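This report refers to the structure that appears directly beneath it.
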Amino acid sequence: MNRKILGMFVCMLLITIPVLPVAGNESNSGFIWDIQTVDYTGDVGQYTSIALDSDDNPHISYYDNLNEDLKYAHYDGTWHKETVDSTGSVGQYTSIALDSDDNPHISYYDSSNRDLKYATVARPELEIGNITGGFGVSSTVENVGPIEADNVVWEIKYDGMFVFSPPGGVVKGGPVDIPSMTDVPISAKAIGFGGFVLPLNIIVSADAYNANPVNKTVPAKLLLFFVLI
């Protein structure tokens, strides 16, 4: 048998070998689908919209037809579900998007009032108040957001070469919870020299469990115990 005839025989044999399917939730594409029930309470799941966060976890907005509510679910190893809006008949035609911090933003239809509505997650928002001098540095950590900031920690740093106290030029405080529209006074004393020839900056920062970190920097002068800003 010459090589040409042998090659034709091998090709015919390969074409006629059947491909065995893989067990599981198969499709014509050959994918195996991981199918999960996210919510099974009543009649739910119409008008869905989905977005993936920075960890590729799904966030889904959808309509609860039984209760006529807007619902939201997200996955982080476990599915978490909540009702976003239950005032009247709301939640049809949902659309969801995530911002750079993975917070959900949902647009949807209010059938009772024939209105377009928008919902997002309420979060605290930290700000650093005015930084003042004297016998040390004083400032405030303010929560200007609509809900309480949890486990807030703060830091005042004397950023210069000749700061002898506190160690490393840093004073830390917290954690403390700060209610909405409330501020907490903070202060830090120091001993040293700076800001006259070599630069000295005062850096005030704060962070919280459920809020983004913030910081503020001002130039200053330190003469022994006294701070000029």
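The values are calculated or read from the model by the stated rules, or taken from the named source; none is laboratory data. What you are looking at is a predicted structure, and each value in this text was computed from that prediction instead of being measured. Here the Cβ positions follow ideal geometry from the backbone for every residue, glycine too, while neighbour counts run over all protein chains shown.
Numerical summary
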| item | result |
| --- | --- |
| Residue list for the range 84-93, filter: outside any loop (DSSP other than H, G, I, E, B) and within 16 Å of Leu66 (Cβ to Cβ) | Val84, Asp85, Val90, Gly91, Gln92 |
| Hits in the range 51-88 - residues which are closer than 17 Å to Leu98 by Cβ, exposed (fewer than 14 other Cβ atoms within 10 Å of the Cβ) and more than 17 Å from the chain's Cα centre (by Cα) | Glu82 |
| Residue in the range 206-217 that is in contact with a Phe, Trp or Tyr (Cβ under 6 Å, 6 or more places away or on another chain), at pLDDT 95 or above and farther than 16 Å from Gly136 by Cβ present | yes |
| Breaking point among (1) in contact with a Phe, Trp or Tyr (Cβ under 8 Å, 6 or more places away or on another chain); (2) under 23 Å from Phe196 (Cα atoms); (3) without any contact (Cβ under 8 Å) to a residue 60 or more places away in the chain, for Ser165 | (1) |
| Residue that is modelled with the lowest pLDDT [pool: residues in the range 7-65 that are in contact with a Phe, Trp or Tyr (Cβ under 6 Å, 6 or more places away or on another chain) and of a type outside the set (Gly, Ala, Ser)] | Asn25 |
| Failed item, numbered, when Asn113 is tested on (1) at pLDDT 95 or above; (2) in a loop (DSSP other than H, G, I, E, B); (3) assigned by TED's automatic domain parsing to the domain that holds Lys157 | (3) |
| Condition check for Ile186: crowded, with 20+ Cβ neighbours inside 10 Å, among the aliphatic types (A, V, I, L, M) and closer than 28 Å to Ile60 by Cβ | no |
| The range 120-140 residues that are farther than 18 Å from Asn151 by Cβ, paired with ones that are among the charged types (D, E, K, R) (beta carbon under 7 Å, 6 or more apart) | Gly129/Glu142; Gly129/Asp183; Ile131/Lys216; Phe135/Lys189; Gly136/Lys189 |
| Strands (runs of 3 or more DSSP E) within the range 143-229 that include 1 or more residues farther than 20 Å from Asn130 by Cβ and either touching a Ser or Thr at 6+ places or on another chain (Cβ under 6 Å) or among the aromatic types (Phe, Trp, Tyr) (or both) | 162-165, 191-194 |
